[in-house]
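The values are calculated or read from the model by the stated rules, or taken from the named source; none is laboratory data. Because the structure is a prediction, the values reported are computed rather than measured. We place every Cβ from the backbone using ideal geometry, glycine too, and count neighbours over all the protein chains shown. Just the protein is used for accessible areas: all its heavy atoms, side chains included, with ligands, DNA and RNA removed. Shrake-Rupley method; radii C 1.70, N 1.55, O 1.52, S 1.80 Å.
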Amino acid sequence: MEFSYGRRLDLDRCITGFDTALRTLFGDAVAGRSSPAERVAEDNIEPATRRHAAALMRVNHCGEICAQALYQGQALASSNEATKRTLDKAAGEEADHLAWSAQRVRQLGGRPSLLNPLWYAGSFALGYAAGLLGDEWNLGFLAETERQVEEHLQGHLDRLGDRDTKTRAVIEGMRREEAEHRRTAESLGARELPDAVRRAMRLAARAMTTLSYRI
Ligand SMILES: [Fe+2]
Ligand SMILES: [Fe+2]
């Protein structure tokens, strides 16, 4: 009985996950909380800066698509209910990031990356694989992902400098919460990943960011 109950729950999660994937990729993301940019007035920015900011936000939007896929893959594979709840809570905040970055891309006159479905599929597979390795590695992968995203977002803040305060507000808001996600994963017992894995993750992230800046 227990076995079939467990299987039914997993099937529920599969169906929900598939529905979430379609809405993440093709639906209009709706934020549960208002964007940090809403409290900030629009700067008078030059067209070149505007295009640059739109491309940076396209990269960040693509990153948030990946975050959705990673979290969903990890939650689906994890067998620990506490971990699943933590992943679901963080995924909710990531859903806001997705909506905020989509909104900012549009405001800047840009469009989402055409490669999003590809990155989604790859990230989901990675997340699922990490989830199968057990909780400590699953959380370790999550913590390392968030650490690299934090660094990446700081890089975008540095590249923008003091231009485009509204875009900066979105990026800063996301960076703060990515740090919180990392700390949560660490406090739940995340293991430190081997150097080679961390380097491979950086390489994959670089491919994603370089391509989604342009395409
Ligand atoms: Fe995020
Ligand atoms: Fe995060």
Review point. For Thr167, are the conditions met, namely being more than 16 Å from ligand 2 (Cβ to nearest atom), in a helix (DSSP H, G or I) and β-branched (Val, Ile, Thr)?
Key: yes
Study note, to complete from the structure: Considering the stretch 170-189, residues that are more than 14 Å from the chain's Cα centre (by Cα) and open to solvent by 30 Å² or more (accessible area, probe 1.4 Å), and then whichever is farthest from ligand 2 (Cβ to nearest atom), we arrive at Gly189
Exercise for review: Just name the residue that is surrounded by the fewest Cβ atoms within 10 Å (Cβ to Cβ) out of those in the stretch 74-98 that are part of a helix (DSSP H, G or I), more than 16 Å from ligand 1 (Cβ to nearest atom) and of a type outside the set (Lys, Arg).
Suggested key: Glu81
Check your understanding: Is it true that some residue in the stretch 143-150 is over 25 Å from Val105 (Cβ atoms), in a helix (DSSP H, G or I) and not acidic (Asp, Glu)?
Key -> yes
Exercise for review: Can you tell me which residue within the stretch 99-135, out of those that are assigned to a loop (DSSP other than H, G, I, E, B) and among the hydrophobic types (A, V, I, L, M, F, W, C), is farthest from ligand 1 (Cβ to nearest atom)?
Suggested key: Leu133
Exercise for review: Give just the number: which of (1) over 22 Å from Tyr71 (Cα atoms); (2) in contact with a Gly (Cβ under 9 Å, 6 or more places away or on another chain) does Leu157 not satisfy?
Suggested key: (2)
Revision key, fill the gap. When Gly155 is run through (1) within 14 Å of ligand 2 (Cβ to nearest atom); (2) open to solvent by less than 30 Å² (accessible area, probe 1.4 Å), the failure sits at (1)
Exercise for review: Out of the residues in the stretch 112-148 that are modelled with pLDDT under 90 and charged (D, E, K, R), state the one that is most open to solvent (accessible area, probe 1.4 Å).
Suggested key: Glu136
Check your understanding: Which members of the stretch 190-199 meet the condition of being assigned to a helix (DSSP H, G or I) and surrounded by fewer than 13 Cβ atoms within 10 Å (Cβ to Cβ)?
Key -> Asp195, Ala196, Arg199
**Study point:** Conditions (1) over 28 Å from His52 (Cα atoms); (2) free of Cβ contacts under 8 Å to residues at least 24 places away in the same chain; number of the one not met by Leu126
**Key:** (2)
Check your understanding: Among the residues of the stretch 81-100, is there at least one that is of a type in the set (Phe, Trp, Tyr) and more than 16 Å from ligand 2 (Cβ to nearest atom)?
Key -> no
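Condition check ((1) in a helix (DSSP H, G or I); (2) away from ligand 1 (no atom under 16 Å from the Cβ); (3) among the hydrophobic types (A, V, I, L, M, F, W, C)) across all residues:
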| residue | (1), (2), (3) |
| --- | --- |
| Gly140 | yes, yes, no |
| His152 | yes, no, no |
| Leu157 | yes, no, yes |
| Thr184 | yes, no, no |
Review point. Any idea which of (1) under 24 Å from Thr167 (Cα atoms); (2) within 12 Å of the chain's Cα centre (by Cα) is the one Ala29 doesn't satisfy?
Key: (2)
